[in-house]
Amino acid sequence: MAKKIVAGNWKMNKNLQEGIELAKELNEALTADKPNCGVIICTPFIHLAKVSEIINHNVINLGAENCADKEVGAFTGEVSAEMVKSTGAEYVILGHSERREYYNETPEILKEKVDIALANGLQVIFCIGESLAQREANEQNAVVKAELEGSVFHLTEEQFKNIVIAYEPIWAIGTGKTATAEQAEEIHAYIRSVVAEKYGKAVADETSILYGGSCKASNAPELFAKPNIDGGLIGGASLKTADFKGIIDAWKK
Ligand code: 13P
């Protein structure tokens, strides 16, 4: 059975003080009422070191939202995987559609980032998902398969065990338009079958496949009830403790 996970992606929200406040609140809430799943918060780089000190890492894990495609050196403005790891973070999100679209991150660049992140002991939340036009052309399966082949299927089986997959249909991100639980389940099952073809059924069954895109407390129970949906990657609803905890609590239903 794959590990159940609810991960938050703060994106470019919260200044340092606000981020600390949110991490404190969440840590208190989840210490008082232990989650039934893994919980990860992925924050902007500037929050990582402070938030790492605040949270109980037995209850909440920490991740970055990106890292550099180079190890070290003269790359002004970049933050390396090693730097991320040194803050106490355990995860990094790679391949988010916003990075692919607005910062031109290609499959080749993402492959470099994945390799460097794993080499530095980070686990990777690797995002895949189709655009609205691709969904309307019924190309979603080909798109997600190509995204996996392009950036993570060169990994050995041992390395691949450090990958969490997040399926995020671009048309559902921040739009309030969630994929139906049936639509999500259908493509999650497909994604698991593609992983099984590459790494075998045992590895596929252990791979956490998260859904992302307008996931909230009201629709999480239905999504998480599906056999191939192992949790969620949450944007907007991870920015308030009550909203995020509402989703985490879906694993208690
Ligand atoms: P929303 O939950 O705001 O739709 O964002 C999803 C997402 O992109 C998480 O990475």
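Worth a mention:
- Carbon plus sulfur fraction of accessible area for the chain, probe 1.4 Å, in percent: 51 percent
- The gain in end-to-end length when the residue 243 to residue 32 segment is fully stretched comes to 74.3 nm, 0.36 nm per residue minus the alpha carbon separation.
- Taking every C-alpha pair closer than 8 Å and separated by at least 6 residues, the mean separation divided by the residue count of the stretch 1-105 gives a relative contact order of 25 percent.
- Length-normalised contact order of the stretch 102-222 in % [C-alpha pairs under 8 Å, at least 6 apart]: 27 percent
- Built from the Cα atoms of the stretch 136-253, the convex hull projects on average onto 7.5 nm², one quarter of its surface area.
- Accessible area in square angstrom per residue, the chain, 1.4 angstrom probe: 44 Å²
- Subtracting the Cα-Cα distance of residue 102 and residue 225 from 0.36 nm times their residue separation leaves 41.0 nm of extension gain.
- When you restrict to C-alpha pairs under 8 Å that are six or more residues apart and normalise by the size of the chain, the relative contact order lands at 22 percent.
- Straight-distance crosslink candidates among lysines, where the alpha carbon sits under 29 Å from residue 70 and sequence neighbours closer than 8 are dropped: 11, 14, 50, 85, 111, 113, 145, 161, 198
- Net charge contributed by nearby residues that have their C-beta within less than 14 Å of residue 138 (K/R +1, D/E -1): -2
- Rounded to the nearest 500, the helix-only mean residue ellipticity at 222 nm of the chain stands at -12500 deg cm²/dmol, with each DSSP H run of n ≥ 4 adding -39,500 (n - 2.57).
- Debye log10 I(q)/I(0) for the stretch 64-168, one point scatterer per Cα, at q = 0.12, 0.18, 0.23 Å⁻¹: -0.39, -0.83, -1.26
- Extension gain (nm, one decimal) between residue 253 and residue 46, 0.36 nm per residue minus Cα-Cα: 71.0 nm
- Rolling a 1.4 Å probe over the protein chains gives residue 240 an accessible area of about 130 Å².
- Partner lysines for residue 253 [C-alpha distance under 20 Å; skip if fewer than 8 residues away on the same chain]: 3, 4, 34, 216, 226, 245
- Computed from the Cα positions only, the extents of the stretch 135-194 along the three principal axes stand at 36, 21, 19 Å, in decreasing order.
- When the alpha carbon gyration tensor of the chain is reduced to an equivalent ellipsoid, the three semi-axes, largest first, read 25, 23, 17 Å.
- Modelled FRET efficiency - R0 30 Å, residue 75 with residue 131, Cβ distances, 0.05 increments: 0.50
- Surrounding net charge for residue 37, when Lys and Arg each add one and Asp and Glu each subtract one, Cβ distance under 13 Å: +3
- Sum of side-chain charges, residue 90 neighbourhood, beta-carbon under 15 Å (Lys, Arg +1; Asp, Glu -1): 0
- The stretch 159-173 residues near the modelled residue 139 label - backbone nitrogen below 19 Å, point 7 Å along Cα→Cβ: 168-173
The values are calculated or read from the model by the stated rules, or taken from the named source; none is laboratory data. All figures in this text were calculated on a predicted structure; none of them were measured in a lab. All Cβ positions, glycine included, derive from the backbone under ideal geometry; neighbour counts span all protein chains shown. Heavy atoms of the whole protein, side chains included, go into the accessibility calculation; ligands, DNA and RNA do not. Shrake-Rupley method; radii C 1.70, N 1.55, O 1.52, S 1.80 Å.
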